[in-house]
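> Just dropping this structure here.
The values are calculated or read from the model by the stated rules, or taken from the named source; none is laboratory data. Keep in mind it's a predicted model, so treat the numbers as computed, not measured. Cβ atoms come from the backbone with ideal geometry, glycine included; neighbour counts cover every protein chain shown.
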Amino acid sequence: MGAPMARKLAEAGHQVTVRNRTPSKARVDGARVASTIKEAAADAEIVWLCVSDTAAAEEVLLGPGGVIEVARPGMIVADSSTISPKASRAFAQRFRERGARFVDCPVTGSKIGAENGELIFIVGGEPDVVETLNPLFEVMGKKVFHIGGNGMGLAAKLSMNLNIALIFEGFAEGLVLAEKAGVSAQQMLEIMEATMLRSGVVEYKKSFILERNFSPNFPLSLMLKDIHLMLEHARDLRVKLPALETVEEVYAVAEEEGLASQDYVATLTLLEKWAGISGGEATRAAD
């Protein structure tokens, strides 16, 4: 996600310096490559990160040679990672102590949205800081939702991803039940598209399902990471999420079955396996 976001900023004429712990992923046309986090952030007015999880964000922000070492009054740190809201608020406090300002701005839209500059930003932070960042949001995305203060963007993003996980799980279970009875995936999708069951999640994943293409657009491992964040966030708020707890078990087994690097749609294959269905047999029968 980070590379196409940086590319869009560079194409728009902004002076961009990039750093990635995997050097081969730090190649962005029009951007300068830094060898360390500290070097990348040292002279930046705005530091923008998009990393895999809370631990990675903490390392970049607060670890040895991290952004905190060069934080100064006037600097803005924008974090587009999907991480713990509680941890993000703690990060924001640390940067406030240095006079810098912090915004959580997780994104949705996947790789295609990032490459096309059509991401949706879900933002938590002070209104004036968000206003300052709006021109950059516009370069990388198509819509911005400012939810509230620090951590609120992440709270909304986790709730959104919870719905994605549950919607797809419900669809996958219904599809497997239909497949077992001899109804094809194509037929089920046509029914869904014509009725109140129509779903943006399923519509987006339709080609993955019909083509049995589980290449990672949103890897199962990252969805499972987000599910763990949702459950942790729910415990902090003393909220019970029984359906999500069950879905977490499905994803955990899928990871054990070697599906972690595939798209989360691959959970369908686990349900088919449990049902004794040869993957996509009903789909092929309809071709």
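> What number goes with the only condition from (1) in the same structural domain as PHE91 (by TED's automatic domain parsing); (2) within 29 Å of THR246 (Cα to Cα); (3) aromatic (Phe, Trp, Tyr) that PHE137 does not pass?
Only one criterion in (1) in the same structural domain as PHE91 (by TED's automatic domain parsing); (2) within 29 Å of THR246 (Cα to Cα); (3) aromatic (Phe, Trp, Tyr) is unmet by PHE137, namely (2).
> Continuing with the same structure: Based on this model, can you work out whether ALA252 counts as within 25 Å of the chain's Cα centre (by Cα) and buried (at least 21 other Cβ atoms within 10 Å of the Cβ)?
Details: within 25 Å of the chain's Cα centre (by Cα): yes; buried (at least 21 other Cβ atoms within 10 Å of the Cβ): no.
The answer is no for ALA252.
> Only one of these is among the charged types (D, E, K, R) and assigned by TED's automatic domain parsing to the domain that holds GLU11: LYS205, LYS111. Name it.
On the way: LYS205 fails: assigned by TED's automatic domain parsing to the domain that holds GLU11.
Checking each option against the conditions leaves just LYS111.
> Every residue in the range 57-108 that is more than 19 Å from the chain's Cα centre (by Cα) and among the basic types (Lys, Arg), please.
Hits for the range 57-108 are ARG72, ARG94, ARG96, ARG98, ARG101.
> Quick check on the range 272-284. Is at least one of its residues aliphatic (A, V, I, L, M) and at pLDDT below 95? Can you show your working first?
Of the range 272-284, the ones aliphatic (A, V, I, L, M) are 275, 277, 282.
Those left that are additionally at pLDDT below 95: 277, 282.
Checked against the condition, which is being aliphatic (A, V, I, L, M) and at pLDDT below 95, the range 272-284 yields at least one hit.
> When you look at THR54, is it β-branched (Val, Ile, Thr) and either closer than 22 Å to LYS142 by Cα or within 24 Å of the chain's Cα centre (by Cα) (or both), yes or no?
Details: β-branched (Val, Ile, Thr): yes; either closer than 22 Å to LYS142 by Cα or within 24 Å of the chain's Cα centre (by Cα) (or both): yes.
So THR54 passes the test.
> For the range 165-214, name all the residues that are over 25 Å from the mean Cα position of the chain (by Cα), in a loop (DSSP other than H, G, I, E, B) and without any contact (Cβ under 8 Å) to a residue 60 or more places away in the chain.
ALA181, THR195, MET196
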